[in-house]
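Beneath this line is the structure, given in C-alpha cells, with notes to follow.
The values are calculated or read from the model by the stated rules, or taken from the named source; none is laboratory data. Predicted model, so just to flag it, every value in this text is computed and none were measured. Note: ideal-geometry Cβ built from the backbone for every residue, glycine included; neighbour counts use all protein chains shown.
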Amino acid sequence: MLEKLSPKNGSTKNSKRVGRGHGSQGKTCGKGHKGQRARSGRSVSRWFEGGQTPLKLRAPKRGFTNLFRKVYDIVNIKDLNKFDDGQTISIEDLISSGLVSGKQKIKLLGNGDLDKKLVLQVNAATKSAIEKVEKSGGKIEIL
C-alpha cells in the first residue's frame, strides 16, 4: 500500500541539469566567469560588503557601557495584592509566583496601592515603596 503512494502531480520538479553542454545551462552553468560566486562552496555572509569597511564599523560610536551598573528584577506594590494578608514574602515566593525570573536581584517599586499587611524580603526598595508598605502595616527587610 505504502509503495503505491506518490506525490501529487505538479508538486515536485526535477533539479536543473547544469554543465551538460551549451544547449542548457552549459559551460559556466549560469555562474558567469570566475570570481567568488563561480567557485564551489560559494557563500558570503549577508552583511559582507565586498571588502569595504562594514557599516557597523563605519558608524560613529556613542556612549559607553557601565560595567558596575546594578541590574534588578522589578516588582510593583500593586502586584503584591495577590498574596495573603499577614504573609511573609521571600524571594523564593516571588519567583514561584512568576513575578520575577530570579536571575537578578529584586527591587520593589512604589507603583500602585497595597491593601494587605505584608512582610517583604527584597534586595532593594524605593522610598515610596517603603512608605506604602509601612502605611498598610507591613514592613520591608532589605537583604
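Just one of the listed residues (63, 10, 23) is of a type in the set (Gly, Ala, Ser) and at pLDDT below 90, namely 23. The single condition from (1) more than 30 Å from residue 113 (Cα to Cα); (2) in the same structural domain as residue 117 (by TED's automatic domain parsing); (3) of a type in the set (Phe, Trp, Tyr) that residue 47 fails is (2). Considering the range 46-77, the residues that are of a type in the set (Ser, Thr, Tyr) and over 27 Å from residue 99 (Cα atoms) include one that is surrounded by the fewest Cβ atoms within 10 Å (Cβ to Cβ), namely 65. Selection of the range 80-130 for residues being over 25 Å from residue 69 (Cβ atoms), in a loop (DSSP other than H, G, I, E, B) and among the hydroxyl-bearing types (Ser, Thr, Tyr) yields 90, 97.
Taken over the range 84-116, residues that are within 14 Å of residue 133 (Cβ to Cβ), charged (D, E, K, R) and surrounded by 14 or more Cβ atoms within 10 Å (Cβ to Cβ) amount to 2.
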